[in-house]
Structure formats: C-alpha cells, structure tokens
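Below is one structure; the comments refer to it alone.
Just so it is clear, none of the values below were taken in a lab; they were calculated from the coordinates. Fair warning: this is a prediction, and the values are worked out from it, not measured in the lab. Note: ideal-geometry Cβ built from the backbone for every residue, glycine included; neighbour counts use all protein chains shown.
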C-alpha cells in the first residue's frame, strides 16, 4: 500500500475541483433563497420608515449576505461533498480509484486540504467583514431601520441590573467623555415592587451620576406622568458597566473580544460565555474540515446495490447531528454548564472521531 497522501496529482485536482465547485454552487443557491425570504419579511419594516427607499433595501442585503455566508458555508460544504461523492459513486469512479490502489483516506485527503483552506478564508472573512456587518445590521434593526449615529463602540438593546433597578438603553456609544446612552428606560423598584418608570431620550455621565434629558416619569403609586427637561439619576453607575453589559462574540473580532474578556475578569464579572465564543471563532470555521469526513459514507459501496441514497442520508444525518451538538454545547457554555474550552471544542473532536471511525469501517 502506498504511504503517500496524494498518490495521483490528477485525481487530487479532479476531486478538489468537484468538491469546491459543488460546495460553492450550493452556497450561492442557499444564500440567494434565504436572502429573498429574509428580505420579504424585513422589506416592509424598512420601507415603512420615511426617507427609506430602494437603496436601503440593497444596503440591508449587503449587510445580511456576509452573515448568511458565514453561517451556512459549513453546511454548504457538507451538501457539496455529498453531491460530489454521490456522483463519483454513481459513475463507478470510486471503484476505479480503489482498483488503482487509492485508499479511502487518500481519496478524501485532497478534500480535507481544500476544506482547511476554506476554513482559513472563512476565519479571515468573519474577522474582517462579518463582525462589522452583523454589528451594523443589528444596530439598524434595533433602531427600527432609522438612521443610526455614525459613532464608534456602539451597542444596541443593552440591559443592566443596577442596585435592584432594571435599566434598558436602546443604544450606547461613544468613547471617553463622549460616552452616552440613547433611549434610556429605568425601572425603579423597591422591595420587588415597581415604583417608577423613567424614560429619557439621552443620558450622559456627570459627576458620579447620569444627566437625563427629555425625561418622562411614570409614578405607579400616584398613577401620574410627569415631564421634565432633565434630571439626575443612576448614581454610582460607571460607563464601563454599560459598555460591558453586552459582550457579543459574533459582533467582535478575535482580538477585541480578548480585550473585553480581560476587562470582564478585571471587573469581577462572569466571562464564560465570551470565552466560549472566543474559542468558537476558531472551531466554527474548522467545522468545514469535518464535513468531507462526515460525508465520506456517500463515496463507498456499490452504486448497483441501491444504497447510494441511504449512504448520502447517513452522511447528511451526521452533518446535521454535528450542527445540533455544536449549538447545544455552545448554549451550555453560555450558561456556564460547560467549561469554555469544552463547549467550543468537544463537538468538533467527537465528530472527528466519529467520522474517522466511519471512514475506517468503509475502507474495510
């Protein structure tokens, strides 16, 4: 038996070409269909805002497409591999390759290399494009598709528990002395009872408290509403508490997320969810490497036995099981039930072993 990884350059290039073209074709089809369905649901909300038009619909598409590509590339690689392997099996090309002395591992090796390149490209794409698009489209949708202020460090729909009171801010942004919050709503509670609801258009830190402007106060004890041009509230609330109230790994690049985790730990707050998201930024793109291994069942077995569809279904089931396990493990890591490293890497390692076991059994 040949110990070389790629016994034939021609065969390696041929299978890589089939794998890449079919994976990209599936990705384009999936993204187009999902984008059209998404746009059908959101176009009415976008066009309902005065001043929004066709250009804003295209802007929404340009922001959502990178997110869809990032989310469905591993799934597209799974389907593309299944289509490529089923075609090779159906035309007895796999039988010819094995008759020439090419093992199952040698057949799948070029696809693993191509998947590794795709994983690297996906990681770079996530870090440079997807995080910015995801942050921009969420800020825009949380602002009901009205224009979002062009400022740095913006966070949307922030919730915080401060001294028994619940605080919500539509968006938080700015740096240093320009740090501020918009659309603030404070639920003032006493011994579990709601006393007041304070709404303000703008809030900015000032002398150890926050200056609220254009304030509307609802007093539940007297059932009255008072309007005030400004008031002071939220004494003792630090700007960093608001800035760290919402650390979303999907909207921060790898290095910025590491800085946020260090700030959370310095502030004495839980960082398990952020750490799991940090490691998942690596394990997530690497899931494309698993897909050829999980789909390899479709390549083996005689086409005349009528089991090609069954084998392809097994490969698809393994791929779906990985995505379910990955989401479940990440959710458990977010609530602190799993350690961050285990939450991010356990499904990958488990299905790597499962795929290798299936491949060895197929080769036997």
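Listed by Cβ neighbour count within 10 Å, with the fewest neighbours leading, 39, 13 appear as 13, 39.
Working from label points 7 Å from Cα in the Cα-to-Cβ sense, the residue 221 to residue 254 distance is 5.5 nm. Enclosing the Cα atoms of the chain in their convex hull gives a volume equal to 178 cubic angstrom per residue.
Computed over the Cα atoms of the stretch 155-246, pair by distinct pair, the Kirkwood hydrodynamic radius stands at 13.2 angstrom. Which one of 199, 90, 266 has the biggest mean-square fluctuation once the chain is modelled by GNM with Cα springs under 10 Å? Of the options given, 266 has the highest mean-square fluctuation. Judged by the mean number of other Cβ atoms found within 10 Å, the most tightly packed of the peptides 185-197, 223-235 leads the ranking 185-197, 223-235.
Note on 133, 283, 103: ascending count of other Cβ atoms within 10 Å places them as 103, 133, 283, the fewest first. Which whole-number percent gives the relative contact order of the stretch 39-173, counting Cα pairs below 8 Å spaced six or more residues apart? Rounded, it is 24 percent for the stretch 39-173. When only alpha carbons are used to place a centre, the stretch 315-340 and the stretch 231-291 end up 19 Å from one another. Computed over the chain, the per-residue total of -39500 (n - 2.57) for DSSP H runs of n ≥ 4 gives a 222 nm mean residue ellipticity of -20000 deg cm²/dmol, rounded to 500.
Across the chain, Cα pairs under 8 Å and at least six residues apart give a relative contact order of 17 percent. Approximating the spin labels as points 7 Å out from Cα along Cα→Cβ, the residue 265-to-residue 190 distance works out to 4.2 nm. In terms of other Cβ atoms within 10 Å, 265, 127, 163 run from fewest to most in the order 163, 265, 127. Over the stretch 155-246, what relative contact order in percent results from Cα pairs under 8 Å that are six or more residues apart? In percent, rounded to a whole number, it is 22.
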